[in-house]
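Inspection log for the structure reproduced underneath, given as structure tokens.
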Amino acid sequence: MKKILVTGALGQIGSELIVKLRNLYGENNVIATDIRKNDSVAALSGPFKLLDVADGEKMFQLAKQNQVDAIIHLAAMLSAVAEKKPLAAWHLNMGGLINALETAKELGIQLFAPSSIGSFGPTTPKDKAPQDTIQRPTSMYGVNKVAGELLCDYYFARFGVDTRGVRFPGLISYVTPPGGGTTDYAVEIYYDAVEKGRYQSFINKGTYMDMMFMPDALEAVVQLMEADPAKLQHRNAYNITAMSLEPEEIATEIRKHIPSFVLDYQVDPARQAIADSWPNSIDDSAAREEWGFRPQYNLEKMTADMLEKIREKAKV
Ligand SMILES: NC(=O)c1ccc[n+]([C@@H]2O[C@H](COP(=O)([O-])OP(=O)(O)OC[C@H]3O[C@@H](n4cnc5c(N)ncnc54)[C@H](O)[C@@H]3O)[C@@H](O)[C@H]2O)c1
């Protein structure tokens, strides 16, 4: 990658990815776009343009005028919100992706499009869900993600578009709050631990889902986009993960830093149903073998960092 356009750049992932990409590729070589603008570092530290991904013509023109060689397409509606507004989710998640694919096709450029552990469903093997397995998701978000994975494969096979992507697990971070996913509890728990000393989880104890600390997710995007294409047998929708966690395990780790921390539960049936339909863990050996993916953070290291950074933020 030399010059990159990022959609949905002010969300949980984009707000940190933009900073990393500008450090790696140069401030002016990373065009951040989103449907809204704010005063975040991502919006102010380099070129920023308003872009609704539903507007395919504007996406194409922005990519062309700026002579980008890659699009990182992050604009989407996440799992819990999508379940409340399924039709709007379909339009945003599928409409945005097809516009990004068409732009990449017309300009002959690379495209990163993320999928999710939400692309799996209740008939997927629960433990160490394989790279290639049954995908019959029961949420609108999951349906969008499976369709998106297939579209990315199709655009590569049919038109030679250099599409690449991963299935992100739940991402844990402290810069920008998550945008309405099922794993958001694993971010909220750290904020509430620091600010209130207790947390009420909307996901029940014993519910395992895969998670990853944001620095590993950002590294995965760059590594995959820069990987030798000859080695990419799967190319799209690589399973990646760093840890499989349930709420009590995070609480136990937090108590090593805040011994009085209290975790209780008020389970949200809608989000619990989504979580129950996803695997407990996924197998990321294809990503490890084909492009050398190796996460650096485990629960212990991530928890220490999350608590330290949230404490610093709380002081400001
Ligand atoms: N965060 C996670 O834990 C996670 C896990 C798995 C997959 N993913 C995937 O990664 C991608 C990015 O996720 P995120 O967590 O950064 O999402 P987010 O909800 O935090 O951010 C999405 C961004 O898209 C923008 N947006 C919304 N509608 C738009 C439109 N019509 N046009 C342009 N921008 C629009 C929003 O303003 C927001 O800044 C999504 O495809 C998501 O499904 C995320």
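Restricting to segment 10-39, give me the number of residues that are open to solvent by 30 Å² or more (accessible area, probe 1.4 Å) and small (Gly, Ala, Ser).
Here the count works out to 0.
Looking at (1) surrounded by 14 or more Cβ atoms within 10 Å (Cβ to Cβ); (2) within 27 Å of MET94 (Cβ to Cβ); (3) not polar (S, T, N, Q), can you tell me which one GLY46 breaks?
With (1) surrounded by 14 or more Cβ atoms within 10 Å (Cβ to Cβ); (2) within 27 Å of MET94 (Cβ to Cβ); (3) not polar (S, T, N, Q) applied to GLY46, the lone miss is (2).
Give the residue that is nearest to the ligand (Cβ to nearest atom), with candidates limited to residues of segment 26-48 that are in a strand (DSSP E or B), aliphatic (A, V, I, L, M) and in contact with a Gly (Cβ under 7 Å, 6 or more places away or on another chain).
Residues of segment 26-48 in a strand (DSSP E or B): 30-34, 48.
Now restrict to residues that are aliphatic (A, V, I, L, M): 30-32.
Filter once more, keeping what is in contact with a Gly (Cβ under 7 Å, 6 or more places away or on another chain): 30, 32.
Numbers: VAL30: 15, ALA32: 10 Å.
Restricting to residues being in a strand (DSSP E or B), aliphatic (A, V, I, L, M) and in contact with a Gly (Cβ under 7 Å, 6 or more places away or on another chain), the top hit is ALA32.
Any idea which of (1) in contact (Cβ under 8 Å) with a residue 40 or more places away in the chain; (2) more than 10 Å from the ligand (Cβ to nearest atom); (3) crowded, with 22+ Cβ neighbours inside 10 Å is the one THR7 doesn't satisfy?
(2)
Select from segment 147-186 the residues that are part of a helix (DSSP H, G or I) and within 22 Å of GLU83 (Cβ to Cβ) and write down the one among them that is farthest from the ligand (Cβ to nearest atom).
At the first step, the residues of segment 147-186 found to be part of a helix (DSSP H, G or I) are 147-159, 185-186.
Restricting the remaining residues to those that are within 22 Å of GLU83 (Cβ to Cβ) gives 147-151, 185-186.
Numbers: ALA147: 13, GLY148: 8, GLU149: 12, LEU150: 15, LEU151: 13, TYR185: 11, ALA186: 9 Å.
Filtering first and then ranking leaves LEU150.
For LYS20, state whether it is over 19 Å from GLU102 (Cα atoms), within 21 Å of the chain's Cα centre (by Cα) and more than 11 Å from the ligand (Cβ to nearest atom). Write out each step before concluding.
On the way: over 19 Å from GLU102 (Cα atoms): yes; within 21 Å of the chain's Cα centre (by Cα): yes; more than 11 Å from the ligand (Cβ to nearest atom): yes.
Judged against the criteria, LYS20 is a match.
Counting just the residues of segment 49-78 that are among the polar types (S, T, N, Q) and not in a loop (DSSP other than H, G, I, E, B), which one comes out surrounded by the most Cβ atoms within 10 Å (Cβ to Cβ)? Before you say what the answer is, go through the steps one by one.
Taking segment 49-78 as the starting set, the residues that turn out to be among the polar types (S, T, N, Q) are 61, 65-67.
Right, trim to not in a loop (DSSP other than H, G, I, E, B) and you get 61, 65.
Details: GLN61: 13, GLN65: 10.
Within segment 49-78, the match that is surrounded by the most Cβ atoms within 10 Å (Cβ to Cβ) is GLN61.
The values are calculated or read from the model by the stated rules, or taken from the named source; none is laboratory data. Worth saying up front: this structure is predicted, and the values here are computed from it rather than measured. Quick reminder, even Gly has a Cβ in these numbers, built from the backbone with ideal geometry, and neighbours come from all protein chains shown. Calculation scope for accessible area: heavy atoms of the full protein, side chains included, ligands and nucleic acids excluded. Shrake-Rupley method; radii C 1.70, N 1.55, O 1.52, S 1.80 Å.
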